[in-house]
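The values are calculated or read from the model by the stated rules, or taken from the named source; none is laboratory data. All of these numbers come straight from a predicted model, not from anything done at the bench. All Cβ positions, glycine included, derive from the backbone under ideal geometry; neighbour counts span all protein chains shown. Side chains are part of the model used for accessible areas, which takes the heavy atoms of the whole protein and leaves out ligands, DNA and RNA. Shrake-Rupley method; radii C 1.70, N 1.55, O 1.52, S 1.80 Å.
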Amino acid sequence: MGASAAAGLQAVVARPYIISPTRMFTSRATTSGFNLKVAKQRLTNSSGIFFPQSLCESYPSASSKYCRVVTRAMSGKTEKETAYGLPIDLRGKRAFIAGVADDNGYGWAIAKALAAAGAEIIVGTWVPALNIFETSLRRGKFDESRRLPNGSLMEISKIYPLDAVYDTPEDVPEDVKKNKRYAGSSNWTVKEVAESVKNDFGRIDILVHSLANGPEVTKSLLETSRRGYLAAISASSYSFVSLLQHFLPIMNPGGASISLTYIASERTIPGYGGGMSSAKAALESDTRVLAFEAGRKGQIRVNTISAGPLGSRAAKAIGFIEKMIDYSYSNAPLQKELLADEVGNTAAFLVSPLASAVTGSVVYVDNGLNTMGLAIDSSTLAT
C-alpha cells in the first residue's frame with residue numbers, strides 16, 4: 001500500500017546548487033511602498049507570524065521587483081496588527097493524512113506544510129510499517145525533518161494503523177488477519193479508522209490521500225495479471241473513494257480533500273506498469289466525480305496533485321527512478337530539481353480558504369514537464 005514502489009515518485013532528491021523552495025508558501029504578489037527590512041523585523045518579533053528570508057536578502061543581485069516579495073505561514077496566536085502578505089491560515093483545522101510511513105515522501109511533506117500553516121495533524125500509517133515509523137519518530141530520527149520554518153517541530157496528534165485496501169473487518173481475508181506483520185494492531189480498516197477518528201477527535205476539515213501500490217509495477221501492461229491490475233486499482237484509486245466515503249460524514253462543511261496522481265495517467269511512461277497508469281487515470285476521473293458528489297453532499301472540495309518524479313525509498317523499486325528524475329531535470333521548462341516541499345506547499349494552498357473555488361482539478365507540480373511534447377535532447381532536434 002503506502003510503502004510500495006508505485007507510491008512512488010514520492011520523496012526527495014535535491015541538488016545543492018538549486019535555490020531551495022523549502023521556505024514555505026512563497027508568494028510572488030508585490031506590495032508597493034513596502035519596506036521589507038523594517039516590516040520583517042517587526043513581524044518576526046511577533047509570536048504569531050513567521051516570515052521566511054526574502055529572495056532579495058538571500059540573493060543581493062536579484063532585481064528590485066523581486067525584493068518586494070513577502071511570504072508567511074500562519075501559526076500561534078492571532079496577530080492583532082494588520083500584516084502585509086497573503087497568509088495560508090489553517091489554524092483551528094484538523095487534517096487526516098493517509099499514507100505517511102517515513103519522513104521523505106509526499107505525505108510527510110504535506111503534513112509539514114499543513115502543520116506550518118497551523119493545522120492539527122493526524123496520520124494513518126500502513127500497518128506493516130507502523131512499528132518502524134513510530135519507533136523512529138519516538139527516538140528522534142525524524143527530528144531534523146520535522147522542523148518547521150519557525151524552528152518548532154511538527155507534532156502529530158495521533159498515528160492510526162491503516163490498510164486502505166480493506167473497507168471493513170469483513171473484507172479482510174484470513175491469511176492477512178493471521179499475518180505476523182499485522183499482529184498487535186486492530187481497527188485498521190477504512191471504516192474502523194474513520195470511526196476511531198470520530199471518537200477521538202469528533203470531526204476533521206482536511207483529508208489527504210497519499211497511498212499507492214502496484215504489486216506488478218515493474219511488469220508491462222501486457223504482462224500484468226488480472227490480480228495485479230485490480231490490486232493496483234484497489235490500493236491506488238478506489239482507496240481514495242473509500243476514504244472519502246467513510247470520512248465525509250465527519251468532515252466540516254467547507255473542508256477539502258486531495259490525492260496524488262502522476263502524468264502516466266495521460267501519457268505513456270514505459271516501465272510504470274502493473275496497471276498503475278490505469279489506476280492514476282481512474283483516480284483523476286474519480287476526482288472530478290467526487291468533487292461534484294462531495295461538493296453537493298457535504299460542501300467538500302476535491303482535487304488531485306500531479307507531481308513530477310521524486311526519488312523516495314519506495315520509488316526505487318521501480319528500477320529507473322533516477323533516470324526519470326534526470327529526464328525531468330533536462331527537459332522540463334524549469335530546469336531544477338523538484339522537491340517534496342513544493343508539493344506540500346501546493347497542497348496547503350489547495351486545502352486553504354485561498355482555493356475556496358477550486359475543485360475537481362488536476363494541479364500539476366512538475367516544473368512544467370507535463371507541457372512538453374518532445375524531449376529537447378531528441379535526435380530529431382539534432383542539427
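Quick notes on this structure:
- Beta carbons closer than 7 Å, at least 6 apart along the sequence or on distinct chains, pair a first residue in the stretch 368-383 that is in contact (Cβ under 8 Å) with a residue 60 or more places away in the chain with a second that is part of a loop (DSSP other than H, G, I, E, B) for Leu369/Gly308; Leu369/Ala332.
- Whichever residue in the stretch 346-380 is in a helix (DSSP H, G or I) and closer than 18 Å to Pro309 by Cβ and, among such residues, is most open to solvent (accessible area, probe 1.4 Å): Thr371
- Within the set Lys191, Lys180, the sole residue that is out of contact with any Lys or Arg (no Cβ under 9 Å at 6 or more places or on another chain) and in contact (Cβ under 8 Å) with a residue 24 or more places away in the chain turns out to be Lys191.
- Positions within the stretch 136-166 being part of a loop (DSSP other than H, G, I, E, B) and among the charged types (D, E, K, R), in sequence order: Arg139, Lys141, Glu155, Asp163
- Count - residues of the stretch 235-255 that are among the polar types (S, T, N, Q) and open to solvent by less than 20 Å² (accessible area, probe 1.4 Å): 4
- Residue within the stretch 119-135 that is over 16 Å from Leu207 (Cβ atoms), assigned to a loop (DSSP other than H, G, I, E, B) and open to solvent by less than 50 Å² (accessible area, probe 1.4 Å) present: no
- Arg138 satisfies every condition listed in (1) open to solvent by 10 Å² or more (accessible area, probe 1.4 Å); (2) out of contact with any strand residue (DSSP E or B) (no Cβ under 7 Å at 6 or more places or on another chain); (3) touching a residue at least 24 places away in the same chain (Cβ under 8 Å) except (3).
- Looking across the stretch 194-222, the residues that are open to solvent by 10 Å² or more (accessible area, probe 1.4 Å) and under 24 Å from Thr168 (Cβ atoms) come down to Glu195, Ser196, Lys198, Asn199, Asp200, Phe201, Gly202, Arg203, Asn213, Pro215.
- Remark: pairs (first residue in the stretch 96-116, at positive phi; second residue outside any loop (DSSP other than H, G, I, E, B); Cβ separation under 6 Å; 6+ apart in sequence or on different chains) = Gly99/Gly107.
- Of the residues contained in the stretch 227-234, one or more are found to be closer than 20 Å to Ala291 by Cα, open to solvent by 10 Å² or more (accessible area, probe 1.4 Å) and either modelled with pLDDT of 95 or more or part of a helix (DSSP H, G or I) (or both).
- Residue among Ser328, Ser265, Ser277 that is among the polar types (S, T, N, Q), touching a Gly at 6+ places or on another chain (Cβ under 7 Å) and over 30 Å from Ser196 (Cα atoms): Ser328
- Index of the failed condition, Asp171 passing every other in (1) of a type outside the set (Gly, Ala, Ser); (2) over 23 Å from Lys93 (Cβ atoms); (3) in contact (Cβ under 8 Å) with a residue 24 or more places away in the chain: (3)
- Of everything in the stretch 141-181 that is aromatic (Phe, Trp, Tyr) and over 19 Å from Ile204 (Cβ atoms), the residue that is surrounded by the fewest Cβ atoms within 10 Å (Cβ to Cβ) is Phe142.
- Residue list for the stretch 271-285, restricted to those being farther than 15 Å from Gly214 by Cβ and either surrounded by fewer than 16 Cβ atoms within 10 Å (Cβ to Cβ) or over 18 Å from the mean Cα position of the chain (by Cα) (or both): Ser285
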